[in-house]
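Inspection log for the structure reproduced underneath, given as structure tokens.
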Amino acid sequence: MSAGLLYALAGAALFAFGVAGLILRSHPLRKILAFNVMGSGAFLVLVGLGQRDGTADPVPQAMVLTGIVVSIAATALALALARRQREHGNDKEERDA
């Protein structure tokens, strides 16, 4: 078993754990974290399978690096939206009472 295949299998396991967390958890913060675990698994699969003749191919590595930057921005946006939804959700419940 090559190192690339081992990385790809670990990435697939991380992706599966992320999907399970996304489906089984109801708290928004845990869903955001599960989505990040899914992304990390996908990145690991890309890096693991992105090899030619035992050497790393720079194109998948560049894609993963770009994906990490986009993932950080998306996580920040998701956390800001979850915080705003929590703040406004509490105000709505107080008005209804």
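Please treat every number below as a calculation from the coordinates, not as lab data. No experiment lies behind these values; they were computed from the predicted model shown. Every residue, glycine as well, gets a Cβ built from its backbone with ideal geometry; the counts of neighbours run over all protein chains shown.
Within the set of other residues whose C-beta is less than 15 Å from the C-beta of residue 18, count the net charge using Lys and Arg as +1 and Asp and Glu as -1.
+3
If each DSSP helix of 4+ residues adds -39,500 (n - 2.57) and the sum is divided by the residues in the chain, what number results at 222 nm, nearest 500 deg cm²/dmol?
Numbers: 3 runs with 83 residues, N = 97.
Taken over the chain, the calculation gives -30500 deg cm²/dmol.
Rounded, prolate or oblate: which one fits the chain, using the alpha carbon gyration tensor with axes a ≥ b ≥ c (rounded when a/c is under 1.5, else prolate when a/b beats b/c, else oblate)? Spell out each step's value before the answer.
On the way: a/c = 7.73, a/b = 2.45, b/c = 3.16.
Oblate.
Any chance you could run the full-extension gain for residue 86 through residue 49? It's 0.36 nm times the residue separation minus the Cα-Cα distance, nm to one decimal. Each step should come with its number before you reach the end.
Details: separation 37, 0.36 × 37 = 13.32 nm, distance 4.00 nm.
Value of the extension gain: 9.3 nm.
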